[in-house]
Amino acid sequence: GVRDGIDLADAEATLRDSLAWRRGVGRPVLEKAQEAVNEASNATADASASTTAQQKGRWRNAPVQRNLPHKFAVGEFLTDEQLTYVLDGQRARLVCCIQGRRIDEDGLMQALEAQSSPDDHAMSCVDVEEAVDTLAMRRLQHSFLYSKAVNARVCALLSLKTGVLVTVVTVNDLKDVSLRSTKLAGQFRAALGGAARRGDRLFPTLAGPTVIANLPKAIQLLVGLVANLFPVSVRRFLTFARIDSLDDGLRRLLVEPDASAVFLDDVDSTIDKMLRRLPPNAKQ
């Protein structure tokens, strides 16, 4: 049946899938994530105020980076200039920020194929759905699922401390993103798309709203097409917005509290506008 817009049979299947993965092929990923967060998680010491997830004295990101699968490539090409997290303790959100224009997709995929990896033994956790299944794609998805597991652990710890369910809000900044698509860039995007769908089912309570920020004018008329690239569960809480506070880069959000506060207010305003457009039963 369906209740409040949720297919109960699908929800049950999702839960069973997640539990089977956690007890089976996904267990090594979860153990690595738990080990990293336990070592790094001074971040949970004060969840009452807006602060960056990597603020000095609260969060040491080194353990998370050390356990990152295939870090010889992923850690080199996905730094805090391309992807970072900002903790909004006041609103119970961990905001994941991505700037696509700063990601060297071709370079990352080439690096992922270039050498052997000590983490390949744990790649059975990956479920590649795309027709093109390369070693680089599997390794990238493996790394992505580890990041999802880290996020889930951090959100669970914060939720226990605050008594409020903490979720991840994803902000994908597409300003000046290249519209070209090389073969490797296509594999990069396909791998992330497949991993996003898999992660959505493995960590169903984790995902909050998704914000597509600063969509290039060339594809603003194709908003519907862009939305269809995301899983159905994501599309329910997907919105598009202009967020100027991202213009000076992501690293600024980690080192300047004022910049972080402005960004978090921009995200909150965007989400509030989205929720006001939804029917009441869709907001749960």
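Each reported figure results from applying straightforward, stated rules to the coordinates on display, with no laboratory input. Being a predicted model, the structure only gives us computed values, none of them experimental. A quick note on method: Cβ atoms are made from the backbone with ideal geometry, for glycine too, and the neighbour counts reach across all protein chains shown.
What pairs from K32/K161; K161/K273; K71/K273 go past 26 Å between their alpha carbons?
As for pairs spanning more than 26 Å Cα to Cα, those are K161/K273; K71/K273.
Place a +1 charge on the Cβ of each Lys and Arg in the range 62-160 and a -1 charge on the Cβ of each Asp and Glu, then give the dipole magnitude about the Cα centre in debye, rounded to the nearest 20.
Once rounded to the nearest 20, the dipole reads 560 debye.
Hey, can you rank 27-34, 247-254, 177-184, 147-154 by average C-beta count inside 10 Å, highest first?
147-154, 27-34, 247-254, 177-184
Through the Karplus equation 6.51 cos²θ - 1.76 cosθ + 1.60, θ set to phi - 60°, convert the phi angles of the range 15-26 into ³J(HN,Hα) values in whole Hz; use x for Gly and Pro.
Each residue's phi maps through the Karplus curve to give 5, 5, 4, 5, 5, 5, 5, 5, 7, x, 5, x Hz.
Stick to Cα atoms and the Kirkwood definition of Rh, then tell me Rg/Rh for the range 97-165.
1.08
So what J values fall out for the range 60-73 if you push phi through Karplus, 6.51 cos²θ - 1.76 cosθ + 1.60 with θ = phi - 60°, rounded to Hz, Gly and Pro as x?
Working through the residues one at a time gives 10, 7, 4, x, 5, 5, 5, 8, 4, x, 6, 5, 4, 10 Hz.
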